[in-house]
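What follows is a single structure, written as C-alpha cells, with notes after it.
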Amino acid sequence: MEFITYEQEGFVGVITINRPKALNALNSQVLDELNEVLDTVDVGKTRAIVLTGAGEKSFVAGADIGEMSTLTKAEGEAFGKKGNDVFRKLETLPVPVIAAVNGFALGGGCEISMSCDIRLCSDNAIFGQPEVGLGITPGFGGTQRLARLVSPGMAKQLIYTARNIKADEAYRIGLVNAVYSATLDEAGNVTATAQENLLAAAKKMAAGIAANAPIAVRNCKKAINDGLQTDIDQAIVIEEKLFGDCFETEDQRAGMGNFLEKDKEKKLKVVPFKNK
Ligand code: CAA
C-alpha cells in the first residue's frame, strides 16, 4: 500500500494515514487502501486500534480538494458514499479505535476522527468543518456525527461558520477526551514532543483496553453504538442481549472467578483473557 501503514504491537494495531506531502488528504486511493486495511485487521489478534496521521503537521487535512474540484453532482454523491462506507466500516469495526489527532483534522479529517470511538489530540491540533467555504457540505458524515457528538447547536455553529477550533476548545466542547503537550526538562528543553506524548498515551490507552475481556469490550462498543441509534426501550433490549452474550465465555468465568478467589493477589490480577 502506498498511503496506509499498519503495524501490530501485541494486541494493538496502529493504522497510519501516510500522505504527508498533501497533509494526509483523503483521495480515492487513500480511501481504497483504508478500506482494504480495515478488511485485513485480524480481529482475533487485535483488541484495540490507534489511528493516526504521518508527519508532524497534520492528522488529515480533509478530502482531496483537487480530486473533488471537477466532480459532477453524481460523482460528488458517489465520492461521499465512498468515504461514508469506509468511515462506517471503521465505526462498526468490532474493536475500539482511538484517533490520535496530531495537527490538522479538517473536513474529512475531523469526520474520520469522529468515526473512531475515542479522540485524543496533541496541543497543535486544529479541528473544523471548513466545507461551506469551499461551496459544499461536509460529506463524510460530519453533519451527522458532529451533531451527535457535541450538540446540534455547537455543530451548526462550527459547520455554518466554517471556523476552525484549537485543541483546547475541542476539549471544552467534548470533541476530544484529552490534549497532550510536549514534556520539558528543568532547563526547558523538550524531552518528548506533544506528538510523542500523544501517541504514547493513545497506545497506552489501547493496551489498557486490550487487557480487558475482549468479548465484553466488543459487546460494550456494539451496545453503545447500536443503542444510540434507537429509543431507550429498544436500546436496553440491545444491552440485555449483549450482556447475556458474555455469559458462559471463558472470560466471564475467569473474570468472575478471579474476583471470587479468596487470594487477594489473584483477585486483583487481570487474567489473560482468551477471546472465546
Ligand atoms: N486536499 C488536497 N490537498 C491538500 C489538502 C486537501 N484537503 N490540504 C492540504 N493539501 C496540500 C496542499 O495543496 C499542499 O500541496 P502542495 O505542496 O503540492 O501545494 C500541501 O498539502 C501543504 O498544504 P499547504 O501548503 O496549504 O499548507 P499550509 O500549512 O499553508 O496550510 C492547511 C495547511 C490550513 C491545512 C491548508 O492546507 C488547508 O486549508 N487545507 C484544506 C483544508 C480543508 O479545507 N479541508 C476540507 C476539505 S473538504 C472535505 O473534507 C469534504 C468532506 O467532508 C468529505
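What is segment 109-261's relative contact order, in percent, from Cα pairs under 8 angstrom and six or more apart in sequence? Intermediate values should be presented prior to the final figure.
Values: 168 pairs, mean separation 28.9, N = 153.
Across segment 109-261, relative contact order equals 19 percent.
Rank these for me by crowding, R19, R253, going from fewest to most other beta carbons within 10 Å.
R253, R19
Using a simple spin-label model with points 7 Å from Cα along the Cα→Cβ vector, what separation in nm is obtained for Q8 and A235?
The answer from the label model is 3.6 nm.
Within 10 Å, at most 11 other Cβ atoms, and a DSSP state outside H, G, I, E, B define an exposed site. Report the longest part of the chain free of exposed GluC sites (Glu not before Pro). Mind dumping the intermediate values first?
Values: sites that count: E2, E186, E248.
So the longest stretch without any such site is 3-185.
Given R₀ = 51 Å, FRET efficiency for C246-D123 by Cβ-Cβ distance, to 0.05?
Working: r = 38 Å, r/R0 = 0.75.
Computed FRET efficiency for C246 and D123: 0.85.
Using only Cα positions of segment 14-92, each an equal point scatterer, no hydration layer, compute I(q)/I(0) via Debye at q = 0.17, 0.18 Å⁻¹ and quote the log10 values to two decimals.
Taken in order of the listed q values, log10 I(q)/I(0) reads -0.71, -0.79.
What angle, in degrees between 0 and 90 and rounded to the nearest 10, separates the Cα long axis of helix 28-40 from the longest principal axis of the Cα atoms of the chain?
Between the helix axis and the principal axis of the chain, the angle is about 10 degrees.
For the chain, modelled as a GNM with alpha-carbon contacts under 10 angstrom, which of V30, V86, V132 fluctuates the most?
Answer for the Gaussian network model of the chain: V132.
Just A192, A61, A170 to compare: in a GNM of the chain, with alpha carbon springs under 10 Å, which one fluctuates most?
Result: A192 has the largest fluctuation of those listed.
Give me a comma-separated list of calculated 3J(HN,Hα) values for segment 122-133, in order, Karplus coefficients 6.51, -1.76, 1.60 applied at θ = phi - 60°, integers in Hz, x for any Gly or Pro.
Those phi angles translate into 8, 6, 8, 5, 10, 10, x, 10, x, 4, 5, x Hz.
Amide H neighbours of V50 under 5 Å, at least 5 residues apart or on other chains, H built in the peptide plane: list them.
So V50 has HN proximity to G13, V14, I15, I98.
In Å, the Kirkwood hydrodynamic radius of segment 108-218 over pairs of distinct alpha carbons? Before the final figure, lay out each step's value.
Numbers: mean 1/r = 0.0646 Å⁻¹.
After inverting the pairwise mean of 1/r, the radius is 15.5 Å.
Among K89, K204, which comes first, second and so on when ranked by fewest other beta-carbon atoms within 10 Å?
Numbers: K89 14, K204 11.
Ascending number of Cβ neighbours within 10 Å: K204, K89.
Quick one: what does P(r) look like for the chain with 5 Å bins over all Cα pairs, in whole %?
Pairs per bin, as whole percents: 1, 6, 11, 15, 17, 16, 13, 9, 6, 3, 2, 1, 0, 0.
To the nearest 0.05, what FRET efficiency results for L71 and R148 with a Förster distance of 30 Å applied to their C-beta separation?
Details: r = 27 Å, r/R0 = 0.90.
It comes out at approximately 0.65.
Using a Förster distance of 45 angstrom, determine the FRET efficiency expected from the C-beta separation of D226 and L184, and round it to 0.05. Don't skip to the answer; put the middle values down first.
On the way: r = 44 Å, r/R0 = 0.98.
According to the calculation, E is roughly 0.55.
Taken together, the values in this text are just the output of simple stated rules run on the coordinates, not laboratory data. Since we're looking at a predicted model, the values are computed, not measured. Heads up, the Cβs are rebuilt from the backbone with ideal geometry, glycines too, and the neighbour counts pull from every protein chain shown.
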